[in-house]
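What follows is one structure encoded as structure tokens, with my remarks underneath.
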Ligand SMILES: NC(=O)c1ccc[n+]([C@@H]2O[C@H](COP(=O)([O-])OP(=O)(O)OC[C@H]3O[C@@H](n4cnc5c(N)ncnc54)[C@H](OP(=O)(O)O)[C@@H]3O)[C@@H](O)[C@H]2O)c1
């Protein structure tokens, strides 16, 4: 399978590292082989070769901060735009791992559409493209007879979407509810340990969990984007922020945390989605509730079904390797099911 990556940061490199480390294992166990034929970045250059780049050399060049350090080879093209790679690279699958633009989802939506019209499958970790473009991209995928897969966009590689869409197929799902933002869960856990909101946030930033501008995490928008993606995956609905109630954790005080603890409860930022809509809010849950015991940057999702009751999945929700695995699981699904959608 030939793949092209739009974005080669933490997640893109995580996938490349997995493909390098597990090449023999993936070949032996699944007959799966992947060649990276193109990568695009915003400021570190781009590389494209129809028969494949050297993954170890690519990672070394990316690690040095400049893809120009990748050695010349016959047939290598440098400097192609992301759109040229989406349209013209030799890839079977376009992987969109550029930053999530929660405002309008671009340029990822147009890049994915170009990939479909040029006969490629699309795999994304990019939440913005799905938040604003799910219906559009799903239609483009159907028209092209190609896969649109996005396991890595919610809970990284922890198989939240695949659990709902595949393992629980045959059940009627009535609700999904969970902790889908690790940064805020880490901050809440630190606040329970006695830190103020500001100190807990600074701690999360120091550890690289929270961005310099933490708004999308702490005000609930990242969790809301994931709720929208869950709505699309589990219920085939395209919800929009404008129709959702979204509240984050920035207003919670140490007094709120202590009051909950005194009542045998714990604050969690909960994203909730049903066929009727989606929302995000901090909630007080009894400490006996399965989601209450989820501490630190861990994510968890409870899917409520008719035949099985509640099914709760707990796991990592971020990280290069963890999210790279989410992408790999989509590539393996494309490999398993062949070209047919
Ligand atoms: N990190 C996680 O744990 C995680 C988990 C789940 C989902 N995600 C999603 O995965 C995606 C990638 O995350 P990340 O952590 O890998 O981000 P990152 O480390 O910031 O890397 C982003 C990459 O995209 C490139 N890029 C930016 N704008 C571009 C453009 N217009 N065209 C082509 N390339 C562009 C950047 O280039 P430069 O290097 O030149 O800036 C960089 O190589 C995001 O959408 C994120 O929301 C991440």
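The table below lists the values:
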{"read-out": "Coordinate range along principal axes, alpha carbons of segment 273-335, Å, largest first", "value": "41, 30, 22"}
{"read-out": "Pairwise label distance in nanometres, residue 136 with residue 207, each label 7 Å out on the Cα-Cβ vector", "value": "3.7 nm"}
{"read-out": "Where labels lie 7 Å past Cα in the beta-carbon direction, separation of residue 337 and residue 76 in nm", "value": "3.6 nm"}
{"read-out": "Scaled radius of gyration (Cα, divided by 2.2 N^0.38 Å) that segment 1-116 gives", "value": "1.02"}
{"read-out": "Residues listed by number, segment 245-276, amide nitrogen under 18 Å from residue 198 label point at 7 Å toward C-beta", "value": "249-257"}
{"read-out": "Relative frequency of Cα-Cα separations exceeding 13 Å in segment 221-276, percent", "value": "64 percent"}
{"read-out": "Relative contact order (%) - criterion: Cα under 8 Å, at least six apart; region: segment 291-341", "value": "24 percent"}
{"read-out": "Ranked 211, 192, criterion: other C-beta atoms within 10 Å, fewest first", "value": "211, 192"}
{"read-out": "Cα Rg over Rh - segment 125-177, Kirkwood", "value": "0.99"}
{"read-out": "Neighbour-count order for 49, 132, 289, fewest beta carbons within 10 angstrom listed first", "value": "289, 49, 132"}
{"read-out": "Likely footprinting exposure, 78, 162, fewest C-beta neighbours within 10 Å first", "value": "78, 162"}
{"read-out": "Residue 172/residue 245 FRET efficiency (R0 25 Å; Cβ-Cβ; nearest 0.05)", "value": "0.50"}
{"read-out": "The chain: relative contact order in percent, alpha carbon pairs under 8 Å with at least 6 residues between", "value": "20 percent"}
{"read-out": "Most mobile of 238, 73, 106 in a GNM of the chain (Cα contacts under 10 Å)", "value": "73"}
{"read-out": "Cα-Cα pairs of segment 58-197 separated by more than 17 Å (percent)", "value": "71 percent"}
{"read-out": "Gain on full stretching of the segment that runs from residue 295 to residue 106 - 0.36 nm per residue minus C-alpha separation", "value": "64.7 nm"}
{"read-out": "Among 137, 307, 328, residue whose mean-square fluctuation peaks in a GNM of the chain (springs only between Cα atoms under 10 Å)", "value": "307"}
{"read-out": "Dimensions (Å) - the chain, Cα atoms, principal axes, largest first", "value": "68, 44, 40"}
{"read-out": "Computed log₁₀ I(q)/I(0) - Debye formula, equal Cα scatterers, no solvent, segment 161-315, q 0.10, 0.11, 0.14 Å⁻¹", "value": "-0.34, -0.42, -0.67"}
{"read-out": "Candidates 41, 288, 215: whichever shows maximal mean-square fluctuation once the chain is modelled as a Gaussian network with Cα springs under 10 Å", "value": "288"}
{"read-out": "Whole-number percent relative contact order across segment 161-315, with pairs defined as alpha carbons under 8 Å at least 6 apart", "value": "34 percent"}
{"read-out": "Centre separation in Å (Cα based) which lies between segment 271-319 and segment 172-244", "value": "12 Å"}
{"read-out": "Span from the segment 109-157 Cα centroid across to the segment 30-77 one, whole angstrom", "value": "23 Å"}
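Each reported figure results from applying straightforward, stated rules to the coordinates on display, with no laboratory input. None of the values given here were measured: they were computed from a predicted structure. Here the Cβ is made from the backbone with ideal geometry for all residues, glycine too, and neighbour counts use every protein chain on show.
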